[in-house]
1. In the protein assembly as shown, with Lys and Arg counted as +1 and Asp and Glu as -1 at Cβ, which of these residues, A:L76, A:Y24, A:G54, has the Cα nearest the positive end of the dipole, that is, farthest along it?
2. Skip the ligands, DNA and RNA, and give the accessible area per residue of chain A with a 1.4 Å probe, whole Å².
3. Enter the mean number of other protein chain beta carbons within 10 Å of the beta carbon of each residue in B:56-63, as an integer.
4. How much net charge surrounds A:V49 when only other residues with a Cβ under 13 Å from its Cβ are counted (Lys, Arg +1; Asp, Glu -1)?
5. What order, most packed first, do the peptides A:129-136, B:14-21 have when packing is the mean number of other Cβ atoms within 10 Å of each residue?
6. Say the dipole of the stretch B:17-91 comes from +1 at the beta carbon of Lys and Arg and -1 at that of Asp and Glu; which of B:T83, B:A37, B:L26 then lies farthest toward its positive end?
7. Taking K and R as +1 and D and E as -1, what net charge do the other residues with C-beta under 13 Å from the C-beta of A:R192 add up to?
8. If packing is taken as the average count of other Cβ atoms within 10 Å, what order do A:61-71, A:81-91 fall into, highest mean first?
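The values are calculated or read from the model by the stated rules, or taken from the named source; none is laboratory data. All values derive from a computational prediction rather than experimental measurement. We place every Cβ from the backbone using ideal geometry, glycine too, and count neighbours over all the protein chains shown. Ligands, DNA and RNA are excluded from the accessible area calculation, which covers all protein heavy atoms including side chains. Shrake-Rupley method; radii C 1.70, N 1.55, O 1.52, S 1.80 Å.
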Amino acid sequence: MPIVSRGFHGRKPDPGRKLPPGQYETFDFPVLSAGPTPRVSRDDWTFTVTTESGTRHQWDWGRLMALPAEHPTVDLHCVTKWSKFDTHWEGVSLDVLLEDVETEAEFALVHSYGGYTTNLPLEDLLDGKAWIAYRYDGEELAAEHGGPARLLVPHLYLWKSAKWVSGIQLMLEDEPGFWESAGYHEYGDPWREQRYQGD
Amino acid sequence: MDPTGGTAADGVQDAYQDGNVLAGPLSEIFAVDLTAAMSRCAHCDSTGAVATLRVYGRPPALVARCPSCGEVVLRIVRSPTNTWLDLRGTVTLNIPMDTR
Ligand SMILES: [Zn+2]
């Protein structure tokens, strides 16, 4: 007998907000990981963009903090079917990080501390659609949510917003990431309900 | 890697379940109970019962990691219409057969 949750903590979903198909609204921030949480200190953290020719562009924490920050407010959609509206983040736009990177690549493979990977078209990281985020809701990003810093690419399902991000590999050809090689959809658009291969 | 799966220093324990939670999804595919099988890890060559693997995530996607080295031994993704079973981290599964 299915029991439909009407939302947590006694709050009701806002009927004015539109959910992608198959999603429900949640008010907490569920933690879902494919492995143990990596513990990376800000002193040890680096973020490396590697082009198809092997050229490396690297930022340490100090260089990241020196870049202009943005404060996106975005909706999150997890493939496990929860969505969370109006989440507040602080981070650096990928437009800034990739500004001086010369590449012919059309694809990106995102790498994380702990070994996680996820792939997406490079254009989905550009034009104000993606950030390296290091603060959530006014606080330093907690390790369980991907701190010190995570990718935030909210127009795709949340498995694309790699926690504990360590770098982005730019590639001429697409290569499936951790979940994309095990049945998850290559692109993952929540509005087209692209959860699994073949959706 | 901390064998407890968490870091005692910051009080955070990473949530994992033991391999027995794989019994349900695996029983949809295999006629025998695979949680009793012995799996050999492709990364560190250690052997142990599938029931002792450390399982992260929740349906529709589960990741079973080796308790010795922490690498991925087995992954299951279950969509409404398909199951993807990824065994690239497994060298062998030694499955006890019912001989009665
Ligand atoms: Zn192992």
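1. Toward the positive end, the furthest listed residue is A:Y24.
2. Values: 9460 Å² over 199 residues.
Ligands and nucleic acids excluded, the result is 48 Å² per residue.
3. 5
4. Values: positive: A:R56, A:R63; negative: A:E52, A:D95, A:E99, A:D100, A:E102.
Net of charged neighbours comes to -3.
5. Going from most to least packed, we get A:129-136, B:14-21.
6. Projecting each Cα onto the dipole axis, the largest value belongs to B:T83.
7. Working: positive: A:R195; negative: A:E186, A:D189, A:E193, A:D199.
Computed value for this residue: -3.
8. Details: A:61-71: 13.2, A:81-91: 17.6.
Descending packing order for the listed peptides: A:81-91, A:61-71.
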